[in-house]
1. When the residues of segment 208-245 are filtered to those that are part of a loop (DSSP other than H, G, I, E, B) and within 16 Å of the ligand (Cβ to nearest atom), which remaining residue is nearest to residue 90 (Cα to Cα)?
2. Considering each residue of segment 246-266, count those that are part of a helix (DSSP H, G or I) and under 20 Å from residue 135 (Cα atoms), and give that number.
3. Take residue 111 and tell me if it is surrounded by fewer than 24 Cβ atoms within 10 Å (Cβ to Cβ) and over 12 Å from residue 56 (Cβ atoms).
4. With 129, 133 as the choices, which residue is in a loop (DSSP other than H, G, I, E, B) and more than 16 Å from the ligand (Cβ to nearest atom)?
5. Do you know which of the residues in segment 136-171 that are assigned to a loop (DSSP other than H, G, I, E, B) and crowded, with 20+ Cβ neighbours inside 10 Å is nearest to the ligand (Cβ to nearest atom)?
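Every number here is computed from the coordinates shown, using simple stated rules; none is lab data. Bear in mind that the values here come from a model prediction, so they are computed numbers and not experimental data. Ideal geometry is used to build each Cβ from the backbone, glycine not excepted, and the neighbour counts take in all protein chains shown.
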Ligand SMILES: [Zn+2]
C-alpha cells in the first residue's frame, strides 16, 4: 500500500485549504462540506469513471451485504461452486429467490441513481461501472452503465447459453410449484432473501432450461466466480479514458471493484471515495467522504449547476 497522496484530505478531519471554499477548515462530516468537496473534485477532474456498489441501492430497499467494517450483515451469499454442484443448495436458492423476487422487482431508483444519471448527461461521467445487479442506474437515467457483476433480472442457461428474462423464470417457477406462492413485497426481506420452512424447500421443483434441459442460473457473478475477462477489459479501457475515479457506495472489499482503484492509483488518476464507512482504498484516495450518497451527490450536482444551495436536511450523515 502506498501512503495517502500529498494534498489529500477527508472532510472527516481538518485539512489543508482547498479551492472548495470552507471545506478545508471544516473538521466534520457535515453534508454541506462533503457536497462542496465533491463538487470541487468533479469540476477539477471531469470526466470521471464512476464505480458504484451496494450503498447506492440501500435507499431503494435493497440492503448491502456488509456493515461499516466490511463484515457480513447476514448469511454469506451462495457461492458459485455450491450452486452448480449441490442440487439442494440450488433448490434452496431458487425457492427463496422465487418468493422474494417481487420485492426486488418493485425496487425503484433513488436520489443516488438520479444524480449520477444527471452528472453523466452533463458530461461529468465517462462511464459508470456498477457492482450492483439491480439495473437501477439505467432506470435512474444513466446510459453509460456497465453491469460488472451482471443482472438479476436475467437468467442464463449454463449449457446452451440461452438467456431468459427473470419474469419468464418466475412463470416457470410458478408452473413447477403450484402450491408455493410468492409473498407480497412487504412480507419478504429487503433483498428477497426469505426464510422458508424445510418442507417448502425440500419439495421445491427447479425448472430446467426450456430449450435444452440444462441448468439455469441468474445472469449474475456469484461469489467464488470470476467476472468475464472481456467485461473487465472494457471497464479498464473506459477507466483509462477518464481523468479520475469516483467510488460511490462501496467498501471495495471484493477485488473485482478494488482493482479499479489500484489501476487508477498506478496511472496517477486521483481517486474520490463517497461511502458511509471504511473502504479498502482509503489510503489510496485523494478525497474520502464519509457521508450519505444520495444527499451528497444531489447537493454536489446543484452546486455544479449553479443552483441556489439547498442544503436543508444535509446535516451530518
Ligand atoms: Zn439450455
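1. To start, the set of residues in segment 208-245 that are part of a loop (DSSP other than H, G, I, E, B) comprises 208-215, 221-222, 224-228, 242-243.
Then keep just the ones that are within 16 Å of the ligand (Cβ to nearest atom); that gives 208-215.
Numbers: 208: 12, 209: 14, 210: 17, 211: 20, 212: 18, 213: 16, 214: 13, 215: 10 Å.
Filtering first and then ranking leaves 215.
2. Taking segment 246-266 and keeping what is part of a helix (DSSP H, G or I), we get 255-266.
Filter again for under 20 Å from residue 135 (Cα atoms), leaving 256-257.
Number satisfying all stated conditions: 2.
3. Working: surrounded by fewer than 24 Cβ atoms within 10 Å (Cβ to Cβ): yes; over 12 Å from residue 56 (Cβ atoms): no.
It is false that residue 111 is surrounded by fewer than 24 Cβ atoms within 10 Å (Cβ to Cβ) and over 12 Å from residue 56 (Cβ atoms).
4. On the way: 129 fails: in a loop (DSSP other than H, G, I, E, B).
Of 129, 133, the one residue that is in a loop (DSSP other than H, G, I, E, B) and more than 16 Å from the ligand (Cβ to nearest atom) is 133.
5. Of segment 136-171, the ones assigned to a loop (DSSP other than H, G, I, E, B) are 140-144, 148-149, 158-162.
So of that shortlist, the ones also crowded, with 20+ Cβ neighbours inside 10 Å come out as 140, 142, 148-149.
On the way: 140: 33, 142: 32, 148: 25, 149: 22 Å.
The extreme case among them is 149.
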